[in-house]
Structure formats: C-alpha cells, structure tokens
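The values are calculated or read from the model by the stated rules, or taken from the named source; none is laboratory data. Just so you know, these numbers come straight off a predicted model, no measurement behind them. No Cβ is skipped: glycine too gets one built from the backbone with ideal geometry, and neighbour counts run over all protein chains shown.
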Amino acid sequence: MEPILNVKNLTMKFGGLKALDNVNISVEKGQIAALIGPNGAGKTTFFNCITGIYEPTEGYVEITRPGSKSEKIKGLKPNYVTEKGMSRTFQNIRLFHGMTVLENVMIGRHCRLKSGIFGAMLRPGSQRDEEKKAVRDSYEILEKIGLEQYVNEMAVNLPYGAQRRLEIARALATNPFLLLLDEPAAGMNPQETKELDDLIIWLRDNEDLSILLIEHDMKLVMSLSDRIHVVDYGKKIAEGTPEEVKNNPEVIKAYLGDESEDA
C-alpha cells in the first residue's frame, strides 16, 4: 500500500546542532501511528518540519491524498500544507481565547471557503450562504467531538480537557485526511485520557482519517497505535508494532526504561 505520508532522510540543522538526522517515517491510510522518544529527541521538530513551520535542511516530505497523486510539500508554508490536507494540533494549546468555541472551529474552516477579500467586503448572497454553511459544518464538528454544549462559551472558560478537544475540532475543520496530534493527552486526568483514546479511535474509524501522534503517555500509545516510530537524539532508532517496540532493547534503554525508573 502506498503511504499517505512519506518522509525520507529528513535532516534539520540549527547552526552546528542536528535536531533531526536522516529520519525516515511513513504513515499508511487508516493507520494510527505514534512518534515517541525522550524529551529533546526531535519529535516536535519533526512535526514542525513536515508542516512548514521549519524548512528542513535535507530530505523530502511527500503526501498522497487518497485518490490523488503524490505531492512533495517540503518548503510550503503552513497554510498551504493545511490546504493540501494535513492538519495538526500543538503541544501548547493555541486557541483564540477571546472567541467563542464555535468561532474557533470556524477559523479552521477558513481554508475551505471560496469567498475572498472582495466577497467579505461586498457580502453577496453566495458569500452569506457559504458563511451559513460554515456555521453548520462547525457545529456538526463540535457535536462529533462532544463539545456542542459549549458552542457559545468563550474558549478561555472551557475546562482544560475540553480545550484540548477544541484544538482537535479546529484541526478537523480544515477537512484533513491526515491529522497530526502533538501530545494531545498532556495535562489530562485519567478519565479525560480515556475519553481522548476513544475519540481518536472513533475519528479514525468514522471520519476516514489517518493519525500520527506524539505522546508521552505510554499506555495511550500502546493501546492506540498500529505502528510506533522511536527517535532519540534526532535519530530514528526503532519502528514496529507496540509489542515489538515494547521489547526492543534500544527503546527500553532510551525511553521506556527511563520511564519505568522514574515511576
């Protein structure tokens, strides 16, 4: 099967520091994949490189929307990467706190709207119809995520777990085929983490999404993932099923072993 995300020899240098060193990762359609590693291993840098926030020093990034031809996206700005169908959340919540929950999701719909600046100024009937549809679509996403009861609430007033879910809702509003989640369970309590686990599986099964996530909660990673990629000091050191990764000596030494010692 042709991967929908194919990253080859990805290298990112900051001065004399190699944050990523020839990293190869692919994600197949319908897959939930995880990228794990200790703090500072290069996981968020990897996300920033493939979504256009950073331009990699070397390597290439290729995506294939189901039913379409492959496209190389290295060097594209983040908004164009999003338009191509790859959307993400961030490790640190980046909501518009001065907007309502619905407005936050509608921001995500912006890249799928046809009306430009003149449409916004003149507000013809077609633009008003498009705005109404954006409201309906955004509300439907909130229903799917389980946040419809907060629709008119200011984003800043939401419980922490709900804010995390709202970030996912806004990413979904861009109509992606590949969703990147950067530590979605960070700061969540066990009940919120369980609900997130169920949500991610539901999105994969019902919204025709493929998902790549960065996460430190190893129980979540092991229960969710079809495939796990492990990085340490910017290099990929292992790849496999949860069972294979869990029993890999290099992974135990670099990541899982450290976690168990801290417990």
The stretch 135-156 - residue that is of a type in the set (A, V, I, L, M) and free of Cβ contacts under 8 Å to residues at least 40 places away in the same chain and, of those, nearest to N206 (Cα to Cα) | I141
Candidates S210, S223, filtered to the one that is of a type in the set (S, T, Y) and closer than 17 Å to E28 by Cβ = S210
Among residues of the stretch 84-118 being more than 18 Å from S138 (Cα to Cα) and modelled with pLDDT under 85, the residue nearest to the chain's Cα centre (by Cα) is G116
For G98, the lone unmet condition from (1) surrounded by 14 or more Cβ atoms within 10 Å (Cβ to Cβ); (2) in a loop (DSSP other than H, G, I, E, B) is (1)
Within the stretch 146-178, restricting to residues that are of a type in the set (F, W, Y) and more than 19 Å from I211 (Cβ to Cβ), the one that is surrounded by the most Cβ atoms within 10 Å (Cβ to Cβ) is Y150
Given the residues E62, E55, which is the only one that is surrounded by fewer than 20 Cβ atoms within 10 Å (Cβ to Cβ), assigned by TED's automatic domain parsing to the domain that holds K18 and either part of a strand (DSSP E or B) or in contact (Cβ under 8 Å) with a residue 40 or more places away in the chain (or both)?
-> E62
